[in-house]
Ligand SMILES: [Fe+2]
Ligand SMILES: [Fe+2]
């Protein structure tokens, strides 16, 4: 387990080079987009484009202004989330979102109507692929970049001749994106997304109304229709682009988590049918893991999904696991402890292989492989010792690892063992559950199971409390139902002598 002071790993030269390259590349791509649209706006006249770009101040000013957006992003992530910044693929994803949304908005503005532009898409994609804080920031940056393009491409001159409304448009972009982020945050149902999309149209409608009043705008009907459609259009673009970004950048949105934890999902259905004991265990572990992740500020949906699939490897031989043996003969009878141990410990690797083969997100497969770390399988180790008068190598009876590499995997390890250990307790009082959970965590710390993940003692304490609260909720005491004689109620029942 790493101490808090070691929590942020040092940046290597490779990390710095990667980030600088991504930010420089973004400025080049944005300049290329600008030159491309200048070329189209000049009737594809290459000579006219060269003549225009030959004025050094034009291209230089654009270059400086667009570079500023990259600089703002760099400073923002340096101050708020260095770990996010260190992975160049994260910045690449955000830049691609901004650039793609820029192109969509330029096309809408040039060829249809300004008010139709789906300004909320950049913020929404960032929200569902990262978090609210990043989404609000990217929305602001997108608004800024959009106004730079809007001005440099001369769209303010062409669009209704309302050049003095640029500031108004900027405010409209920012407000539309912010409203979209706030109303969509925490929405996991696609129906709700569609209904709430109408809220995204509101800022555009307000600006249209203001323009009619203050500037006596002439194209009333097209502007109102475009403003009304802009919200749903943002949602349509977002719905189409989200799976594309999920696929390219291997990110998982809440919609994907909801799909994966649906009881009709392929492997969940298989667990319900073929390994019902394992499935019920996974559901309880999922609730515990979700509470733990919330307690330490980790992704609770990811924790929940990992928990649902952590024992999916048991599907290979469900009958060899205690929770699925109700009323059946134990197939371990007659097997050597070594063979039994091999079967039991292979479920972590089997689960990982199954999830990778079926293109599950890597974080979920990794958590599955790591949920037992390198812990010993005590039951069969003990059995083997009895057979051989104590001459047994413990390594043969240990899971092969790796140890938890992330906080989510550590949470899963604690939640999994705590649920399994307390399930068999006769006394499920808070005191007893608390004692068992603390012993489990202490033992795993002594065995160095949290040495390879960046979890702190403070977080471990929060996780312990969350596990105890969740488990005492599961095993809460119920009022004992009194035995009542219902004489006369069941008139048709034949009484036995
Ligand atoms: Fe397991
Ligand atoms: Fe488990």
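With the structure loaded, tell me whether residue 33 is under 30 Å from residue 207 (Cα atoms), in the same structural domain as residue 17 (by TED's automatic domain parsing) and in contact with a helix residue (DSSP H, G or I) (Cβ under 7 Å, 6 or more places away or on another chain) or whether it fails that test. Break it down into steps so the answer makes sense when it comes.
Values: under 30 Å from residue 207 (Cα atoms): yes; in the same structural domain as residue 17 (by TED's automatic domain parsing): yes; in contact with a helix residue (DSSP H, G or I) (Cβ under 7 Å, 6 or more places away or on another chain): yes.
The answer is yes for residue 33.
Yes or no: residue 267 surrounded by fewer than 22 Cβ atoms within 10 Å (Cβ to Cβ), in contact (Cβ under 8 Å) with a residue 12 or more places away in the chain and either within 16 Å of ligand 1 (Cβ to nearest atom) or part of a helix (DSSP H, G or I) (or both)?
It is true that residue 267 is surrounded by fewer than 22 Cβ atoms within 10 Å (Cβ to Cβ), in contact (Cβ under 8 Å) with a residue 12 or more places away in the chain and either within 16 Å of ligand 1 (Cβ to nearest atom) or part of a helix (DSSP H, G or I) (or both).
Assess whether residue 410 counts as being in a helix (DSSP H, G or I) and either away from ligand 2 (no atom under 16 Å from the Cβ) or under 28 Å from the mean Cα position of the chain (by Cα) (or both). Let's see the steps before the verdict.
Details: in a helix (DSSP H, G or I): yes; either away from ligand 2 (no atom under 16 Å from the Cβ) or under 28 Å from the mean Cα position of the chain (by Cα) (or both): yes.
Criteria met by residue 410.
Residues in the range 250-264: is at least one within 16 Å of ligand 2 (Cβ to nearest atom), outside the structural domain of residue 167 (by TED's automatic domain parsing) and part of a helix (DSSP H, G or I)?
No - not one qualifying residue is present in the range 250-264.
Just to check your reading of the model, which residue among 280, 287 is within 15 Å of ligand 2 (Cβ to nearest atom), under 23 Å from the mean Cα position of the chain (by Cα), surrounded by fewer than 22 Cβ atoms within 10 Å (Cβ to Cβ) and modelled with pLDDT of 95 or more? Before you say what the answer is, go through the steps one by one.
Values: 280 fails: under 23 Å from the mean Cα position of the chain (by Cα).
Exactly one of 280, 287 is within 15 Å of ligand 2 (Cβ to nearest atom), under 23 Å from the mean Cα position of the chain (by Cα), surrounded by fewer than 22 Cβ atoms within 10 Å (Cβ to Cβ) and modelled with pLDDT of 95 or more, namely 287.
Checking the structure you have, find out if any residue of the range 405-422 is away from ligand 1 (no atom under 16 Å from the Cβ) and either outside the structural domain of residue 284 (by TED's automatic domain parsing) or exposed (fewer than 14 other Cβ atoms within 10 Å of the Cβ) (or both).
no
If residue 56 passes every condition in (1) surrounded by 15 or more Cβ atoms within 10 Å (Cβ to Cβ); (2) more than 22 Å from the chain's Cα centre (by Cα) but one, which one does it miss?
Here residue 56 clears every test but (1).
I'd like to verify a number: residues in the range 290-316 that are within 15 Å of ligand 2 (Cβ to nearest atom) and more than 17 Å from residue 258 (Cα to Cα), how many?
7
Taking residue 399 as meeting all but one of (1) out of contact with any strand residue (DSSP E or B) (no Cβ under 9 Å at 6 or more places or on another chain); (2) more than 29 Å from residue 473 (Cα to Cα); (3) surrounded by fewer than 24 Cβ atoms within 10 Å (Cβ to Cβ); (4) touching a residue at least 24 places away in the same chain (Cβ under 8 Å), write down the number of the exception.
Unmet condition: (1).
Which one of the conditions (1) outside any helix (DSSP H, G or I); (2) away from ligand 1 (no atom under 16 Å from the Cβ) does residue 401 fail to meet, given that it meets all the rest?
(2)
Six or more apart or on different chains, Cβ under 8 Å: which pairs go from a residue in the range 406-420 that's closer than 10 Å to residue 303 by Cα and at pLDDT 95 or above to one that's within 11 Å of ligand 2 (Cβ to nearest atom) and part of a loop (DSSP other than H, G, I, E, B)? Could you list them?
Correct list of pairs: 409/371; 412/310; 412/371.
The values are calculated or read from the model by the stated rules, or taken from the named source; none is laboratory data. In this text, all values refer to a predicted model and were calculated from it rather than measured experimentally. For neighbour counting, all protein chains shown are included, and Cβ atoms are generated from backbone atoms with ideal geometry for every residue, glycine included.
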